[in-house]
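A short write-up of the structure that comes next.
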Amino acid sequence: MLTPTVTQFLSEISSILTQRDAPKLCSYLVIEPPYAPIYETLRSEIRSSFNSQDGTAVARLESTCLEKLNSVLTDPEGNVPTWTAYNKFMAQYFVFLRDVDVSNLLTTYELLSELLQKANSALTHSSLGVLLLPTVVSYSRMLSRLAIGLDKQPHLIAHLRSTASDEGTRETLPERAANTLRQAFVTCLNDRTGTSATGLDSRGQPEGKKRGIYTIANLCLKILFQCRKIRGAAQIFENIYNQSPPLKAFGKAERVTYLYYLGRWSWANGHFFRAQKALQGAWNECHAQCSKQSRLIAVYLVAANMVCGRFPKRELLERCEGLQERFEPVCLAIRQGDLVSFRRLLSPGSPHYDFFSRHRIDLQLRNRCETFVWRSMVRKCFIICGDPGAPELRKAPTLDLNMLLAAWRWQERTYLIQTIGGSGASNTYIDPDFEGADGIDLTIDNSMDMFDLTEVISRMTSLIHQDLVNGYLAYRSQKLAIQGARQKGAMAGGFPSIWKTISARSSDEVPGWKLEMKTGGGFARPFGPGQVVNLSGARPVGVS
């Protein structure tokens, strides 16, 4: 059967490949509707001549493509096909146009996934594969949208999940999509076709397929983070850190997106100072007009800074809508040592708890920043009822631990009354492990008796160990003695800056953030444990 439109289309593709015009090739290989009239005609011809019910349709499509693209895909010297993967890709492209039904998201996803896998295979060609890079990036964007959309509609993929659960744990649909994109990412990362070993040209721009490293990596990370499957992101960050050209060689949009995901990944894994560094880098480069993106970065940047002991400036909170009324009360509670307000603001009953929970920052803020609330309470107690001492006479400023016990008991009691419902009220919930434990008084008054001086000493020891309080405990006199008062004064010496304390013991290096190329040799970076130094050329001491 005659297929004039298919023949014409393949002739134009052949011409584009001859001209090595990658952007034009991408503009021809469209997959997203609405289709232009010429593509509707193309679809009709494929459906009539290469029907899906015909088992030989794919083979005949490959034969047709090879016939029309033979001059481009064949080595002129050896007269043998050298880019056979592209021929299979073109045949699969026609199959996609023939079978796609945009009303059926799952079928569309499966067709596009198969098409992208064929494109990934063609991308691996050493010299011609780079022509498909814009097409692969375009298809990857579409696949990521489909994967995220399907994950938000679990009823469409419920049968896939149940099938997987029968045979044990398997990767979910979003993870499969991310792995498909990862194939293209690895191909771009391992490209060695450039003129330089660094992957950068004379202008410092990435060469060849390396141009797609961060674009495809960001799409892959988008899928993993949107679908909360971030365990697969570790390998991406590690590969980029070890093999990629420096991040600064790529576009600003790619840099901002990548640093945002790197910051979130560091946050999720408990590396809060690294998260702050990466998110600060993303914030500094994010365009002011990108309000949605800058607000999203600011949410995690503010949280990371708070966990590291640095409160956000009012200008930052006012710049991003909705942040001031959520974060400012928490900061105020930390400053004032108000344990009751702090816990209430971050509890499930708080008006803004859904915001903190949705961004998955509630647990870190509650667990990490409560230590800072304790410190502020100690500082406040010292101001009110501490003994300033006489540093010039070597008498250290002190604070009676029983004063701290009274303050902590009062705050804990107030919190329990507000939470449970009144003095003498009993918490009627009993953990199953304690069923049948009769005779135990569960009233608030009794719980206060359980909070004794040992608890105070434990918390103070923790604060001193973390260098958040500079002093020591005098157990016999039951007092906290402040150190450093003679040089700096009791307040500055005993309660150093939390941010400076944490940043001083943290490294500025952020694994995953490639700042510069490793030049090799034992001293390409600061010497440290685990490094190997080549001493084969070393000479004895004194030999010139």
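The values are calculated or read from the model by the stated rules, or taken from the named source; none is laboratory data. Only a predicted model underlies this, so the values are computations on that prediction, with no experimental measurement involved. Using ideal geometry, Cβ is built from the backbone for each residue, glycine included, and neighbour counts are taken over all protein chains shown.
Here are some notes:
- Of the helices (runs of 4 or more DSSP H) contained entirely in the range 32-146, those carrying at least 2 residues that are under 23 Å from R20 (Cβ atoms) and among the aliphatic types (A, V, I, L, M) fall at 57-73, 84-99, 105-123.
- Among the residues of this structure, I334 does not count as one that is surrounded by 15 or more Cβ atoms within 10 Å (Cβ to Cβ), closer than 30 Å to K210 by Cα and of a type in the set (V, I, T).
- Flag for R60 being surrounded by fewer than 21 Cβ atoms within 10 Å (Cβ to Cβ), assigned by TED's automatic domain parsing to the domain that holds L143, over 30 Å from G149 (Cα atoms) and of a type in the set (K, R): yes
- So L317, is it more than 21 Å from I502 (Cβ to Cβ), surrounded by fewer than 22 Cβ atoms within 10 Å (Cβ to Cβ), of a type in the set (A, V, I, L, M, F, W, C) and touching an Asp or Glu at 6+ places or on another chain (Cβ under 7 Å): yes
- Residues that are in contact with a helix residue (DSSP H, G or I) (Cβ under 7 Å, 6 or more places away or on another chain) and either small (G, A, S) or not in a helix (DSSP H, G or I) (or both) within the range 350-388 comprise S350, H352, H359, I361, S376, P388, listed in sequence order.
- Looking across the range 227-253, the residues that are surrounded by fewer than 19 Cβ atoms within 10 Å (Cβ to Cβ) and not in a helix (DSSP H, G or I) come down to R228, K229, P246, G251.
- Residue tally, condition modelled with pLDDT of 70 or more and either exposed (fewer than 10 other Cβ atoms within 10 Å of the Cβ) or part of a helix (DSSP H, G or I) (or both), over the range 157-184: 12
- Residue within the range 277-284 that is under 22 Å from Q466 (Cα atoms) and at pLDDT 95 or above present: yes
- Filtering the range 318-349 to residues that are in a helix (DSSP H, G or I) and under 22 Å from the mean Cα position of the chain (by Cα) leaves only F327.
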